[in-house]
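Asker: Handing you a structure now.
The values are calculated or read from the model by the stated rules, or taken from the named source; none is laboratory data. All of these numbers come straight from a predicted model, not from anything done at the bench. Counting neighbours? That spans all protein chains shown, and the Cβs are built from the backbone with ideal geometry, glycine included. Heavy atoms of the whole protein, side chains included, go into the accessibility calculation; ligands, DNA and RNA do not. Shrake-Rupley method; radii C 1.70, N 1.55, O 1.52, S 1.80 Å.
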Amino acid sequence: MLHVTIGSMITASTHDIASYRVSFFFGPEPVEGKAEVLACVFNVKKRSWKAGIQVAVEVSRGQLSAIERTTQLTDRLAKCLVVVEPQEQADYQERSGDVFVQAVCRQKLDLQLLLGLVQNNQRIPAEELIVELDQVVSKHPEHLISCILDELGLVP
């Protein structure tokens with residue numbers, strides 16, 4: 001059995017995530033009362049559950065900016081956009097912002113899935129899993145970049 005350690009707080013077997021089916025529902029949307037926070041909502045269903053739940057995943061704009069710098073997203077995206085028609089580049093750049101937030105939220109949700117979820121609709125606040133998310137992105141920036149480029153239909 002393969003185990004993953006994220007930071008010093010989370011240790012879980014990687015097969016735990018496979019027991020969940022996750023689909024993106026909507027977002028990013030601003031969080032009411034928190035001007036610096038965005039959220040994406042995902043539908044999550046564990047195989048053993050009769051019904052799924054919705055999980056809102058919050059991330060602060062500050063953390064998003066730090067992750068964008070860590071992954072060098074702007075530079076990598078610019079290199080991929082050279083093959084796109086100039087009149088379409090603005091659309092890709094605009095969409096890439098939303099796709100970036102969605103991918104970061106999904107990575108944060110995966111961290112929570114390693115810990116497990118109860119079968120209730122819930123919210124993962126921006127203040128939770130900050131260090132763990134930063135560590136995962138720092139160790140595996142290519143994973144995040146490939147998710148974004150795949151969603152945009154771009155080749156690295």
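Asker: Working only within segment 84-122, note down all residues that are among the β-branched types (Val, Ile, Thr) and within 20 Å of Glu142 (Cα to Cα).
Answerer: Passing the criteria: Val99, Val101, Val104.
Asker: For segment 47-74: of the residues being open to solvent by 30 Å² or more (accessible area, probe 1.4 Å), of a type in the set (D, E, K, R) and at pLDDT 95 or above, which is farthest from Val104 (Cα to Cα)?
Answerer: Of everything passing the filter in segment 47-74, Arg69 is farthest from Val104 (Cα to Cα).
Asker: Let me ask you something else. Show the residue pairs that are 6+ apart or on different chains and have beta-carbon atoms under 9 Å apart, the first residue being within segment 118-136 and in contact (Cβ under 8 Å) with a residue 24 or more places away in the chain and within 20 Å of Glu36 (Cβ to Cβ), the second being open to solvent by 30 Å² or more (accessible area, probe 1.4 Å) and among the β-branched types (Val, Ile, Thr).
Answerer: Every condition considered, the pairs that remain are Asp134/Thr70.
Asker: Pick from segment 61-79 the residues that are in contact (Cβ under 8 Å) with a residue 40 or more places away in the chain and among the β-branched types (Val, Ile, Thr): which of them is nearest to Asp98 (Cα to Cα)?
Answerer: Taking the candidates together, the pick is Ile67.
Asker: Sticking with this one: Within segment 111-155, can you find the residues that are open to solvent by 30 Å² or more (accessible area, probe 1.4 Å) and charged (D, E, K, R)?
Answerer: Across segment 111-155, the qualifying residues are Arg123, Glu127, Glu128, Asp134, Lys139, Glu142, Asp150, Glu151.
Asker: Next up: What pairs come out if I take residues in segment 80-100 that are closer than 16 Å to Ile148 by Cα and pair them with residues that are open to solvent by 50 Å² or more (accessible area, probe 1.4 Å) and of a type in the set (S, T, N, Q) whose C-beta lies under 7 Å away, six or more apart or interchain?
Answerer: Partner pairs satisfying both residue conditions: Leu81/Gln89.
Asker: Also: Checking Asp110 against (1) in contact with a strand residue (DSSP E or B) (Cβ under 7 Å, 6 or more places away or on another chain); (2) under 16 Å from Ser23 (Cβ atoms); (3) among the acidic types (Asp, Glu), which single condition isn't satisfied?
Answerer: Tallying (1) in contact with a strand residue (DSSP E or B) (Cβ under 7 Å, 6 or more places away or on another chain); (2) under 16 Å from Ser23 (Cβ atoms); (3) among the acidic types (Asp, Glu), Asp110 fails exactly one: (1).
Asker: Would you mind finding the one in Ile130, Ile124, Ile145 that is modelled with pLDDT of 95 or more and touching a Pro at 6+ places or on another chain (Cβ under 8 Å)?
Answerer: Just one listed residue meets the conditions, Ile145.
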